[in-house]
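Single-structure report; data block below.
Read-outs throughout are calculated quantities, based only on the coordinates presented, and are distinct from any laboratory measurement. Since the structure is predicted, the reported quantities are computational estimates derived from the model, not experimental observations. Cβ placement follows ideal geometry from the backbone for every residue including glycine, while neighbour counts extend to all protein chains displayed.
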Amino acid sequence: MSDCIFCKIAEGEIPSEIVYQDDKIVVFKDASPQAPVHVLMVPRKHIASLDDLSEEDSELIAYMMQSIKKIAASQGLGNGYRVIINTGEEGQQTVKHLHIHILGGRKFTWPPG
């Protein structure tokens, strides 16, 4: 989508501190971190939210989930981390492009809020 900020980051049109990228995903530091380590993983393909996944996206979402441990390790999160996917208005999804938050570097509480 031409007006999607995460699509523009993935395409290199908007600068961001990218920590990993390949032909399927881009991972970059969150502009408003909620933990010492807070990165966002986005697919290069524009998918608005979890609710918009189709069967053809099964391989991509599996790839994203399998990539999390590699990204976490690259960020020094050997003692654990939290993975969050916000979906929809009540789920606090603020950018309408599927993204996975990977947070760590401190102990988290439960419930999350």
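Here are the numbers for this structure:
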item: Summed side-chain charge close to Ile102 - residues other than Ile102 whose Cβ falls under 12 Å, Lys, Arg +1, Asp, Glu -1; result: +3
item: Note, ³J(HN,Hα) from phi for region 10-17, Karplus 6.51, -1.76, 1.60, rounded to Hz, x at Gly and Pro; result: 4, 8, x, 6, 10, x, 7, 8
item: Net +/- balance of residues flanking Pro43 in space, Cβ distance below 10 Å, scoring K and R +1, D and E -1; result: +2
item: Amide hydrogen neighbours beyond the local backbone of Tyr20, cut-off 5 Å, H modeled; result: Val27
item: Pairwise label distance in nanometres, Leu50 with Thr87, each label 7 Å out on the Cα-Cβ vector; result: 0.4
item: D_trans [Stokes-Einstein, Kirkwood Rh over alpha-carbon pairs] for the chain, 37 °C, 0.692 mPa s, µm² s⁻¹; result: 226
item: Karplus 3J(HN,Hα) series, Hz, for region 100-107 with 6.51 cos²θ - 1.76 cosθ + 1.60 (x for Gly, Pro); result: 10, 7, 10, 10, x, x, 7, 7
item: Charge context of Glu13, other residues only, Cβ under 14 angstrom, K/R +1, D/E -1; result: 0
item: Gyration tensor (alpha-carbon) shape descriptor, region 46-102, a/c threshold 1.5; result: oblate
item: Acute angle (nearest 10 degrees) that the helix 58-74 long axis makes with the longest principal axis of the chain, alpha-carbon atoms; result: 40
